[in-house]
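Accompanying notes for the structure given below.
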Amino acid sequence: MSIYEESVSASRAGRQELTLARSRASRVLVVAGHARSLVNFRGPLLCALRDRGLVVHVAAPQLSADPALFRILADWGVTCHDIPLQRAGLSPFQDLRGLVTLCQLLRRVAPDTLLAYTIKPVIYASLAGWIVRVPRRFALITGMGYAFTDEPGGRRAWVQRLVVFLYGLSLRRTHRVFFQNPDDEAHCRELELLPKRVPSQVVNGSGVDLDHFAPVPLPEGAPVFLLIARLIADKGIRQYVEAARRVKRLHGKAYFLLVGGLDDNPESIRRDELEAWCREGVIEYLGRLDDVRPAMARASVFVLPTYYREGTPRTVLEAMAMGRAIITSDAPGCRETVQDGENGYLVPVREPEALALAMQRFLDEPGLARRMGDRSRQIAEHKYDVHLVNADMLEGMEL
């Protein structure tokens, strides 16, 4: 046999050995409700799974419609799948179609481990995993969402009843449920969505990449306030604008930035309302940003007056990592991020006057934003490092 033939034979044998090794390796499928979140929120977790020798698959709606995202995941060695699962909407036909597609996908991929996050993937992927008998099924609750925000009434009331029924149906068919704050865990136990035999675990949000969101100096001059969120009412957008009006009446130099995209949520801010705020001059709207770091660099204080049922707001963690003081709601998912008076302030929900008073403190005490921002970074390093959070999840999944 020639040297060339020996080389070809060795190469073929190597590929066959790699294929055999991959066929024997454990497979994990991660199901998301929004394709971009696989990179933006779960990227380090996917890489950690891959680095532990698992064959990683992901599924999300319209994943292949974003070629750049597809390439990033492929470069990580992740196999991508599209699923017809709508993030919003309550069409029984569409949801049934999503369930059937997930069952077909699970039979084809045959994962040993299934992890789903956000409401619809948790419900339908967990049910599909149970139907197909995936050996290990896990759910990550990243917030209770629209249906559980405040006291329900009208449309929200029957949405909540439906979600409670479907959560109860699906979560009892998992092997462990991860929560991002203790309030959500307690709420699910109180509603008996989780039977005692299913263990649960609280992790510190999604974590944050401390190198990517590195500290940057505060801007010079008067404080600049920033809110980053989907533009829905439950995120406290209107309270932020009203508080900005109150502060600007006393301090015309105070500056207020708003970042985020308009949404298809029933409580979405209207475009004409947003444009009116900009014409009034109360805020500067920066649109939806794929990279929020330049906006963070312009700000002195990050504000999120949400009353949406958050898990742990990722934008708050990013602001903390970049050394920003925080003003946020004394509400589930938010209150864990702030040590009141140390790295920021907690304010009551739906109270723009209290929010304005918290903002006023940074105008009255120029050095406050820097001191609290330094403390935010310390808390992020100790509690919210993405590698620490992922290690907790991997241990909980026995991976």
### Task
Scan region 346-372 for residues that are part of a helix (DSSP H, G or I), under 24 Å from Val241 (Cβ atoms) and not aromatic (Phe, Trp, Tyr) and report the count.
15
### Query
Of the residues that make up region 72-95, is at least one within 20 Å of the chain's Cα centre (by Cα), assigned to a helix (DSSP H, G or I) and modelled with pLDDT of 90 or more?
yes
### Message
I need a count of the residues in region 337-354 that are polar (S, T, N, Q) and either modelled with pLDDT under 95 or surrounded by fewer than 19 Cβ atoms within 10 Å (Cβ to Cβ) (or both).
### Response
1
#### Entry: Candidates Ala186, Ala214 - the one that is surrounded by fewer than 16 Cβ atoms within 10 Å (Cβ to Cβ), under 27 Å from Ala125 (Cα atoms) and out of contact with any Gly (no Cβ under 6 Å at 6 or more places or on another chain)
Ala186
### Message
I'm trying to understand the selection: among the residues of region 217-227, which are open to solvent by 10 Å² or more (accessible area, probe 1.4 Å) and either farther than 19 Å from Leu363 by Cα or not β-branched (Val, Ile, Thr) (or both)?
### Response
Pro217, Leu218, Pro219, Glu220, Gly221, Ala222, Pro223
### Options Val203, Val224, Val208: the member that is more than 24 Å from Asp291 (Cα to Cα) and touching a strand residue (DSSP E or B) at 6+ places or on another chain (Cβ under 9 Å)
Val203
#### Entry: Residue list for region 110-132, filter: farther than 24 Å from Glu395 by Cβ and open to solvent by less than 10 Å² (accessible area, probe 1.4 Å)
Ile123, Ala128
### Query
Give me the pairs: first residue in region 150-170 and of a type in the set (Phe, Trp, Tyr), second residue part of a loop (DSSP other than H, G, I, E, B) and modelled with pLDDT of 65 or more, beta-carbon distance under 6 Å, and six or more apart or on different chains, which are they?
Tyr167/Leu193
### Query
So, of the residues in region 198-209 that are outside any strand (DSSP E or B) and either under 16 Å from the mean Cα position of the chain (by Cα) or modelled with pLDDT under 95 (or both), which turns out to be nearest to Thr312 (Cα to Cα)?
Gly205
### Task
Of all residues in region 120-140, count the ones that are of a type outside the set (A, V, I, L, M, F, W, C), touching a Lys or Arg at 6+ places or on another chain (Cβ under 8 Å) and part of a helix (DSSP H, G or I).
3
### Query
How many residues are among the β-branched types (Val, Ile, Thr) and assigned to a loop (DSSP other than H, G, I, E, B) if we restrict to region 254-278?
1
### Among the candidates Arg270, Arg246, Arg293, Arg230, residue that is under 24 Å from the mean Cα position of the chain (by Cα), open to solvent by 60 Å² or more (accessible area, probe 1.4 Å), in contact (Cβ under 8 Å) with a residue 12 or more places away in the chain and farther than 21 Å from Arg335 by Cβ
Arg293
### Query
Checking Phe179 against (1) of a type in the set (Phe, Trp, Tyr); (2) surrounded by fewer than 20 Cβ atoms within 10 Å (Cβ to Cβ); (3) at pLDDT 95 or above, which single condition isn't satisfied?
(2)
### All positions within region 166-187 that are farther than 21 Å from Ala391 by Cβ, touching a helix residue (DSSP H, G or I) at 6+ places or on another chain (Cβ under 8 Å) and not in a helix (DSSP H, G or I)
Arg173
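The values are calculated or read from the model by the stated rules, or taken from the named source; none is laboratory data. Keep in mind the model is a prediction, meaning the values are calculated, not measured. We place every Cβ from the backbone using ideal geometry, glycine too, and count neighbours over all the protein chains shown. Note: areas computed on protein heavy atoms with side chains; ligands, DNA, RNA excluded. Shrake-Rupley method; radii C 1.70, N 1.55, O 1.52, S 1.80 Å.
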